[in-house]
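Below: one structure, written as structure tokens.
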Amino acid sequence: MAVIPWKPAGEMTHITKNTTRVDAVPKVTGKAEFSYDVLPKDALIGLFVTSPYPNCTAVTVDTAAAEALPGVKAVWTDEGKVCRMAGEFVAAVAAETRDIARDAVRRVRVEWERYPFVVKAEDARQPNSAQVHGATRPNVNRAADDEAGDVDAAFESAAAVVDGTYSTQVQTHTSLESHGMTCRWDDAGENLRVWASTQGVFSVRGELAGALEMPESSVVVTTDYMGGGFGSKFGAGVEGIVCARLARDAGRAVKLLLTREQEQTNSGNRPSSVQHIRAAADAEGRVTAFDMEAHGTGGYSQGAGFPAPYIYGVFGDPPSIPNRRIVRDDVYINAGNARAMRAPGHPQASFGMEATMDELAYALDIDPVDLRVLNDPNETRQAQYRDAAKRIGWSRRNAEPGADAGPVKTGFGIGAARWGGGGGGTRATVEIHSDGSAVVKCGTQDLGTGTRTVVAAVAAEQLGLAVEDITPLIGDTRFPPSGGSGGSTTCASVAPAIKVTADAALATLFGRVAPALDAQADNLEAVDRTIRRIDDPSKSLAWADACALLGAEPISETEQHDGSLSSRGTAGVCSVELTVDEETGDVRIQKVVSVQEAGLVIDKLTLESQLIGAVIQGISYALHEDRVMDRLLGHQVNANMEFYKISGAMDIPEIEPVVWMAEESLSRGVIGIGEPPVIPVAAAIGNAVRNATGARVAGLPITPRRVLEALEREGRAQG
Amino acid sequence: MKNFEYVRPDSVAQAVQALDRRGAMPLAGGMDMVPGMQDNVIIADRVVNLKSIRDDGVRGIRETDYGLVIGALTTLTEIAEHPVVQSHYAALAEATVEVGSPQIRNAGTLGGNLCQRPRCWYFRNEHYNCLKKGGPRCFAADDDAENQYNAILGGGPAYIVHPSNCASALVALDATFHVAGPDGPRAVHADDFFVLPTERLLQENVLRQGEIVTHVEIAAPADGAKSAFLETAERAGFDWGISGAAVSGVVRDGVINGPRIVLYAVAPIPWRARDAEALIDGKPLTEDAIRAAGEAALAGAEPLSNNGYKVPLTKTMVRRALARLA
Ligand SMILES: Cc1cc2nc3c(=O)[nH]c(=O)nc-3n(C[C@H](O)[C@H](O)[C@H](O)COP(=O)(O)OP(=O)(O)OC[C@H]3O[C@@H](n4cnc5c(N)ncnc54)[C@H](O)[C@@H]3O)c2cc1C
Ligand code: SF4
């Protein structure tokens, strides 16, 4: 069957409109069962033994005393494990209760061989530093080394040159629901049943089947509700594999999810960056040269890369800055590893680049919005800069930083995002039963974005039903496969698959009921819970009556995503108004506007929710979050949610989410946007602080300490 | 956590008796103690739950001829919301409402707040065997340390900051702490209750084994008496102050008498800035006087490697708190 294009937006009933989350009530009332809540009868609790030293080998692991403790039912050990950070997993126990498990892990005796360690990137780069990976790999690895054009000549002939060093911190994942799962072996150990907190039920199944050397068809993974992933929850992880092993050895279900401390140290992070950027522009403000020397650390792993120069550049095809030199090193330290995190690399890139753009604007005395419009060839974003500026009240911005009277200064900032998104690789089944029920099955999962609602809204749109008429079933490997929810690809993968499948099911239904309406199937349409003739809408059947005709033969169609219904590449802009108290260093965000293109908007409400959530996460990154590694013993000293600070409700201002509903954007097909709105928030905040005070706080997070220190450097300290 | 004995006394006398041996600790709201025990940094062999005490006087807020009496088991929420505390003992109300979150204030008690253990992250991490836990060194003192939240005044050999908001307010209000113990009851001035690490390392106050705080007494404010508490935190809610000031004094015709200036979150005890107090005592609270007080309060500051920012910040806290009295 040929794929039918999306209806024009003007003819949509649900799509492009606001659909309340189908699972809003169970979530708000606490009825929704998250993976962490699942506790099969007789389940044991699993807990890890972790390395107390940041660079060491667990030479021997002796669990005898732990096993002797009543209630301990299984143990796992990884003798010989080389640990490149404090907190690495070297053994685990499964016990009747969490208390027994806690006592048991303290009885595991490990003989450690210790090595010198280093936990700060600036230390690891020193020639005499301790080596993170011993003799096997150096600490510093060149990860990018590119040059184009004639950089030195461009700087010489420039109208303005700016030079700054910008740094971004390590942001840990801190999922509210920690990583892990519950495993139970069924059918005398033949089959494995898994309740995982994951953004990829199929990738968890694959990893477990591989590790346990069993067919994928013998593993069932479900994720009904999960509490946050942001790129850190695709695989089974050590915790998943160990959980399955403990469950097999104990002959009992085992629940093993990381503790809060382990969630901080072991579940991945957004790597840090230090970016020394020089940039040049011509007299009109076009950026002509970009020269960056950067490094960053992804802990004991690589992966601290980020795109640069970011967004801006009008010369060439694809547009970029013509004269550019980029040198970047990945630096190892003895700390938790990098993992994909909401728009990996982009917020770091944005922070350095947007600061550079604003410094150029000050140097050339050009309005930062005008400078961006001039240097950004993307026409959507050109319009978005103006829109975001207008909505934040840009005309109130002091061109002269710090011009307000008194210690509390107001500042404005702006920044931009780009992202790919796009979809593919998803199948779905739509069933229509004689009782009128419409069941949609798709092996995607809802990592909190509203996927279940998207599934229902698209099916309802195509079948001419109300959203509540649809039973959306997701988060289970027994359903047709879909990919992991990452890269902002879920909506653009799932929505088209549901549409194609619903269209197919509807076509079948039309075929079955056409005789009753005395029509050809292609002369039927489904509108407002009725099936009716296009040529004579008075000839119709209520949906329920039409379905009743199906009798004992329900409809079940399985189809897949079609590339013509989704697209890639989005534009977004964020603007910020804030105040800075120059005597306390306190930064209060007053308002944030997040403007985001999303192609065809499936559910405007959950999309706005994504923008709001991203702004909150961006504020938290800008002002609060910071992994603090201690040089003395090499631990993360704030591996908790008390001192690993995350913005709270009182830190969050008015947020205006603006979904870009321009016809040219809506007609592009579905593009996911879970990630891009987080990108420019910290950069826009950094620029607003600079605008407020005249001082550049060049490092994240922008704490009172950093603000006060920056003011002191500028000779503007008030104390 | 280590196994422990659990005792539920009916009376203060029973509590004192149960506590009169090494390793016994009182428990109130548990907001500080239970997580500390779970993390193996607070270790008790016997836990005596004060909440089972039925005696009068250990709970609730009463106005007396002398002033105000607050039982040690009174929750922080009760204190923060009490109309008389709000109107006549503003510093205490303002300090209390900044503690943690509503949940913590609902469970946490005044006695527990005053006697809570340090929040220094080296102290709270089992792997760091620091002076405060009987270990050989203060990690925070090291130039390489993450000491951004530690002391700038009164430090050495340990550099904690006293965590209690309420403590600095009560020192500013010249409160008296009433203590019951094996040797009978005694009264301790708030000024004398908290002790520097040079005096005691394993404890932050003068309490002896077996002693508990039963209630706190504050004299009724004189005519024109005012007080205020102010802090700066990195987050607007649910966060520890990184600097603060509690102040009080009798202000008539713009002149302040008997001022008390107590710095919060900068020293191992609520830190009285006596030089600054002397500087403004009996003088008009002008902008210049306030500024001079701020300078004097921090004159002796000796920041560690990463907390120099607290010096200008605390000057601001002193200035702004005093300005609220003017
Ligand atoms: C996340 C978080 C944030 C917090 N933020 C703040 C803050 O900003 N400001 C602040 O001041 N506090 C803060 N706290 C600490 C909290 O307010 C105090 O821990 C609480 O008031 C303690 O009261 P409690 O009754 O729960 O004490 P408990 O935990 O029961 O006891 C604390 C300590 O006091 C001892 N103790 C208790 N009662 C008595 C008594 N009557 N006599 C003698 N000793 C006694 C106990 O033995 C124990 O050592 C925070 C706590 C948390 C967990
Ligand atoms: S300041 Fe006190 S609690 Fe912190 S490391 Fe030093 S001795 Fe320990």
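Considering only residues in the stretch B:228-255 that are more than 14 Å from every other protein chain (Cβ to nearest Cβ) and more than 22 Å from residue B:85 (Cβ to Cβ), the one that is surrounded by the most Cβ atoms within 10 Å (Cβ to Cβ) turns out to be B:255. Take the conditions (1) part of a loop (DSSP other than H, G, I, E, B); (2) within 11 Å of another protein chain (Cβ to nearest Cβ); (3) farther than 27 Å from residue A:272 by Cβ; (4) not aromatic (Phe, Trp, Tyr); residue A:641 misses just one of them, which is (3). Residues in the stretch A:669-717 that are free of Cβ contacts under 8 Å to residues at least 12 places away in the same chain and assigned to a helix (DSSP H, G or I): A:709, A:712.
Would you check if there is a residue in the stretch A:152-163 being under 24 Å from residue A:644 (Cα atoms), assigned to a helix (DSSP H, G or I) and touching a residue at least 24 places away in the same chain (Cβ under 8 Å)? No, the stretch A:152-163 contains no residue that is under 24 Å from residue A:644 (Cα atoms), assigned to a helix (DSSP H, G or I) and touching a residue at least 24 places away in the same chain (Cβ under 8 Å).
Does the stretch A:308-318 contain any residue that is in a loop (DSSP other than H, G, I, E, B), on the phi < 0 side of the Ramachandran plot, of a type in the set (Phe, Trp, Tyr) and in contact (Cβ under 8 Å) with a residue 40 or more places away in the chain? Within the stretch A:308-318, one or more residues are in a loop (DSSP other than H, G, I, E, B), on the phi < 0 side of the Ramachandran plot, of a type in the set (Phe, Trp, Tyr) and in contact (Cβ under 8 Å) with a residue 40 or more places away in the chain.
The set of residues from the stretch A:585-624 being part of a helix (DSSP H, G or I) and either within 14 Å of chain B (Cβ to nearest Cβ) or aliphatic (A, V, I, L, M) (or both) comprises A:605, A:607, A:611, A:612, A:614, A:615, A:616, A:619, A:620, A:621, A:622, A:623. Among the residues of the stretch B:180-213, write down those that are away from ligand 2 (no atom under 16 Å from the Cβ) and under 16 Å from the mean Cα position of the chain (by Cα). Scanning the stretch B:180-213 gives B:188, B:189, B:190, B:191, B:192, B:193, B:206, B:207, B:212, B:213. Is it true that residue B:215 is crowded, with 22+ Cβ neighbours inside 10 Å, part of a loop (DSSP other than H, G, I, E, B) and within 16 Å of ligand 1 (Cβ to nearest atom)? No, not satisfied. Considering only the stretch B:127-140, I want to know if a residue exists there that is surrounded by 23 or more Cβ atoms within 10 Å (Cβ to Cβ) and either within 13 Å of ligand 1 (Cβ to nearest atom) or farther than 30 Å from residue A:636 by Cβ (or both). Checked against the condition, which is being surrounded by 23 or more Cβ atoms within 10 Å (Cβ to Cβ) and either within 13 Å of ligand 1 (Cβ to nearest atom) or farther than 30 Å from residue A:636 by Cβ (or both), the stretch B:127-140 yields at least one hit. The residue pairs whose first member lies in the stretch A:226-250 and is surrounded by fewer than 23 Cβ atoms within 10 Å (Cβ to Cβ), whose second member is of a type outside the set (S, T, N, Q) and assigned to a helix (DSSP H, G or I), and whose beta carbons are closer than 7 Å, counting only pairs six or more residues apart or on different chains, are A:227/A:36; A:235/A:204; A:235/A:207; A:241/A:208; A:241/A:211. When we screen B:182, B:197, B:157 for residues that are within 16 Å of ligand 1 (Cβ to nearest atom), at pLDDT 95 or above and in a loop (DSSP other than H, G, I, E, B), the only hit is B:182. Taken together, the residues in the stretch A:558-588 that are closer than 19 Å to residue A:654 by Cβ and either β-branched (Val, Ile, Thr) or crowded, with 24+ Cβ neighbours inside 10 Å (or both) amount to 10.
Can you confirm whether residue B:259 is within 16 Å of ligand 2 (Cβ to nearest atom) and buried (at least 24 other Cβ atoms within 10 Å of the Cβ)? It is false that residue B:259 is within 16 Å of ligand 2 (Cβ to nearest atom) and buried (at least 24 other Cβ atoms within 10 Å of the Cβ). Looking only at the stretch B:193-204, how many residues end up being under 30 Å from residue B:11 (Cβ atoms) and buried (at least 22 other Cβ atoms within 10 Å of the Cβ)? Qualifying residue count, the stretch B:193-204: 3.
For (1) more than 9 Å from ligand 1 (Cβ to nearest atom); (2) within 14 Å of chain A (Cβ to nearest Cβ); (3) under 22 Å from residue B:104 (Cα atoms), each residue gets a yes or a no:
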site	(1), (2), (3)
B:3	yes, yes, no
B:13	yes, no, no
B:22	yes, no, no
B:34	no, yes, yes
B:46	yes, no, no
B:58	no, no, yes
B:61	yes, no, yes
B:68	yes, no, no
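Assess whether residue A:355 counts as being among the aliphatic types (A, V, I, L, M), over 30 Å from residue A:139 (Cα atoms), outside any loop (DSSP other than H, G, I, E, B) and touching a residue at least 24 places away in the same chain (Cβ under 8 Å). No, not satisfied. Cβ separations smaller than 6 Å between residues 6+ apart or across chains give the following pairs from the stretch A:636-652 residues that are surrounded by fewer than 19 Cβ atoms within 10 Å (Cβ to Cβ) to residues that are hydrophobic (A, V, I, L, M, F, W, C): A:648/B:238; A:650/B:236; A:652/A:616.
Results for (1) of a type outside the set (A, V, I, L, M, F, W, C); (2) under 23 Å from residue A:456 (Cβ atoms); (3) touching a Gly at 6+ places or on another chain (Cβ under 7 Å), shown as yes or no for each residue.
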residue: A:499; (1), (2), (3): yes, yes, no
residue: A:505; (1), (2), (3): no, yes, no
residue: A:510; (1), (2), (3): no, yes, no
residue: A:515; (1), (2), (3): yes, no, no
residue: A:528; (1), (2), (3): yes, yes, yes
residue: A:532; (1), (2), (3): yes, yes, no
residue: A:536; (1), (2), (3): yes, no, no
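Evaluation of residue B:289 against the conditions (1) assigned to a helix (DSSP H, G or I); (2) surrounded by fewer than 20 Cβ atoms within 10 Å (Cβ to Cβ); (3) among the hydrophobic types (A, V, I, L, M, F, W, C); (4) within 13 Å of chain A (Cβ to nearest Cβ) shows that the sole unmet condition is (4). Please find, among B:95, B:107, the residue that is within 30 Å of residue B:201 (Cα to Cα), within 14 Å of the chain's Cα centre (by Cα) and more than 14 Å from chain A (Cβ to nearest Cβ). Result of the check over B:95, B:107: B:95.
Within the stretch B:99-115, the residues that satisfy the criterion of being surrounded by fewer than 23 Cβ atoms within 10 Å (Cβ to Cβ) and either of a type in the set (A, V, I, L, M) or near ligand 1 (Cβ under 8 Å from one of its atoms) (or both) are B:100, B:101, B:104, B:107. Among the residues of the stretch A:180-211, those that are in a loop (DSSP other than H, G, I, E, B) and either surrounded by fewer than 17 Cβ atoms within 10 Å (Cβ to Cβ) or assigned by TED's automatic domain parsing to the domain that holds residue A:641 (or both) comprise A:187, A:188, A:189, A:190. Scanning the stretch B:130-156 for residues that are within 9 Å of ligand 2 (Cβ to nearest atom) and in contact with a Gly (Cβ under 9 Å, 6 or more places away or on another chain) yields B:138, B:140, B:141. If we scan the stretch A:557-574, do we find a residue that is at positive phi and either of a type in the set (Val, Ile, Thr) or not in a helix (DSSP H, G or I) (or both)? For the stretch A:557-574, residues at positive phi and either of a type in the set (Val, Ile, Thr) or not in a helix (DSSP H, G or I) (or both): present.
The values are calculated or read from the model by the stated rules, or taken from the named source; none is laboratory data. A quick note: this is a predicted structure, and the numbers were derived from the prediction, not measured. Note that we place each Cβ from the backbone using ideal geometry, even for glycine, and neighbour counts take in every protein chain shown.
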